[in-house]
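Asker: Before anything else, here's the structure in question.
The values are calculated or read from the model by the stated rules, or taken from the named source; none is laboratory data. Everything quoted here is computed from the prediction, not taken from an experiment. Every residue, glycine as well, gets a Cβ built from its backbone with ideal geometry; the counts of neighbours run over all protein chains shown. Only protein heavy atoms, including side chains, enter the accessible area calculation; ligands, DNA and RNA are left aside. Shrake-Rupley method; radii C 1.70, N 1.55, O 1.52, S 1.80 Å.
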Amino acid sequence: MPIPTITTERLILRAFTLNDARRVQELAGAFEIADTTGHMPHPYQDGMAEEWIGTHADDFERGEGATFAITLRPTGELIGAIGLTIHAPNQRAELGYWLGVPYWNCGYTTEAARAVLQFAFAQLNLNRVYATHFVRNPASGRVMQKIGMQCEGTLREHFVRWQKPEDLVYYGILKKEWAK
Ligand SMILES: CC(C)(COP(=O)(O)OP(=O)(O)OC[C@H]1O[C@@H](n2cnc3c(N)ncnc32)[C@H](O)[C@@H]1OP(=O)(O)O)[C@@H](O)C(=O)NCCC(=O)NCCS
């Protein structure tokens with residue numbers, strides 16, 4: 001089964017194609033994106049986007065991941081990425097996302113994340129979705145709050161980014177909570 005397309009009020013979430021690679025490199029290459037994500041490479045070199053996009057179909061086929069391009073409905077413009085890393089034995093997934101800097105604070109990530117939660121619970125039949133953010137990245141925490149996730153605690157200096165330890169905040173939502 002291919003990665004599905006999900007339509008929301010302002011967005012279309014769809015599978016990435018290799019044609020998106022240059023745009024991914026342009027947007028994800030901004031330091032502001034790498035700074036608060038755990039694993040985004042920086043500098044974002046030629047070929048990295050193609051390699052990343054090339055993993056998506058197999059990950060979805062194996063039930064290990066579902067990654068979507070976030071695009072604007074009227075224009076088709078690619079503005080970011082959102083996805084689930086799935087751990088089927090525990091019926092759970094980790095939600096992750098980034099949005100191109102020019103598009104921040106318009107509610108786009110929240111809108112995309114709501115749709116992906118719906119997909120996780122209603123289509124993939126998962127039981128739990130969680131997400132984490134660095135303490136110094138409150139905008140991401142706001143997205144998690146706005147989609148109904150609960151703060152489950154902070155793991156102190158759990159992550160090292162740019163050679164500096166980062167406190168990591170965990171948020172989660174269960175299927176029975178989402179269903180209400
Ligand atoms: C985190 C990120 C995805 C948010 O995307 P976005 O589309 O701007 O998010 P939304 O517009 O849906 O919501 C952002 C919320 O954070 C709030 N916010 C923004 N900056 C903030 C700050 N410094 N402190 C507190 N809240 C802040 C906004 O006001 C908004 O909340 P509101 O609707 O209650 O006003 C985006 O900033 C990003 O891509 N950052 C870099 C990559 C990254 O950090 N990814 C997540 C890793 S955990």
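Asker: Rolling a 1.4 angstrom probe over the protein chains, ignoring ligands and nucleic acids, what is the accessible area of Met1 in square angstrom, nearest 10?
Answerer: Only protein atoms counted, so the area is about 150 Å².
Asker: Then there's this: What net charge is computed for the residues neighbouring Thr132, neighbours being all others with C-beta under 11 Å from the C-beta of Thr132, Lys and Arg scored +1, Asp and Glu -1?
Answerer: Here the count lands on -4.
Asker: Using a 1.4 angstrom probe on the protein heavy atoms only, line up Trp52, Trp98 by accessible area, largest first.
Answerer: The ranking, largest first, comes out as Trp52, Trp98.
Asker: A further question on this structure: P(r) for the chain: what percent of alpha-carbon pairs falls in each 5 Å bin, starting at zero?
Answerer: Calculated P(r), rounded to whole percents: 1, 8, 17, 21, 22, 18, 10, 3, 0.
Asker: Right, something else. Take the alpha-carbon centre of region 102-180, take the same for region 69-94, and report the distance between them in whole Å.
Answerer: If you average the Cα positions of each part, the centres end up 12 Å apart.
Asker: Hey, got the dipole for the chain? About the Cα centre, +1 on K and R Cβ, -1 on D and E Cβ, debye to the nearest 20? Walk me through the numbers before you get to the answer.
Answerer: Details: 18 positive and 20 negative charges, 150 e Å.
Using only the charged Cβ atoms, the result is roughly 720 debye.
Asker: For Glu177, project a label point 7 Å along Cα to C-beta. Then give me every residue of region 110-129 with its amide nitrogen under 15 Å of that point.
Answerer: What the label zone holds, given the 15 Å backbone N cut-off, is 114, 117-118, 121, 127-129.
Asker: Rounded to the nearest 10 Å², what accessible area does Glu94 show when all protein chains are kept and the probe is 1.4 Å?
Answerer: Near enough 60 Å² of accessible area.
Asker: Sticking with the crude label model, points 7 Å out along Cα→Cβ, report the distance from Phe31 to Asn125 in nm, one decimal please.
Answerer: Simple spin-label model gives 4.8 nm for this pair.
Asker: Still on this structure: What FRET efficiency would be calculated for the residue pair Arg136, Gln45, taking the C-beta separation as r and a Förster radius of 35 Å, to the nearest 0.05? Walk me through the numbers on the way to the answer.
Answerer: On the way: r = 26 Å, r/R0 = 0.74.
With a Förster radius of 35 Å, E is 0.85.
Asker: Assuming a ≥ b ≥ c are the square roots of the Cα gyration tensor eigenvalues, decide whether region 80-180 counts as rounded (a/c under 1.5), prolate (otherwise, with a/b larger than b/c) or oblate.
Answerer: Working: a/c = 1.80, a/b = 1.27, b/c = 1.42.
Oblate shape, in that a/c is at least 1.5 and b/c is the bigger or equal ratio.
Asker: From the protein chains alone at 1.4 Å, what is the descending order of accessible area for His39, His158, His133, His87, largest first?
Answerer: Details: His39 155, His158 105, His133 15, His87 80 Å².
Order by accessible area, largest first: His39, His158, His87, His133.
Asker: Using 0.36 nm times the number of residues separating Ala88 and Val101, minus their current alpha carbon distance, what extension gain do you get?
Answerer: Here the answer is 1.4 nm.
Asker: Please give the contour-minus-distance gain from Thr154 to Thr5: 0.36 nm per residue of separation, less the Cα-Cα distance, rounded to one decimal in nm. If you can, show how the numbers build up before the last one.
Answerer: Values: separation 149, 0.36 × 149 = 53.64 nm, distance 3.38 nm.
In short, 50.3 nm is gained.
Asker: Using only alpha carbon pairs under 8 Å that are at least six residues apart, calculate the relative contact order of the chain and give it in whole percent.
Answerer: About 18 percent, as a whole number.
Asker: With all protein chains present, calculate the accessible area of Lys146 using a 1.4 Å probe and round the result to the nearest 10 Å².
Answerer: In the full protein context, Lys146 sits at about 80 Å².
Asker: What percentage of the solvent-accessible surface of the chain, computed with a 1.4 Å probe over protein heavy atoms, is contributed by carbon and sulfur atoms?
Answerer: Here carbon and sulfur together make up 50 percent of the probe-accessible area.
Asker: Computed over the Cα atoms of region 1-77, what is the ratio Rg over Rh, Rh following Kirkwood? Don't skip to the end; give the middle numbers.
Answerer: Working: Rg = 13.1 Å, Rh = 13.4 Å.
Across region 1-77, the Cα-based Rg/Rh ratio is 0.97.
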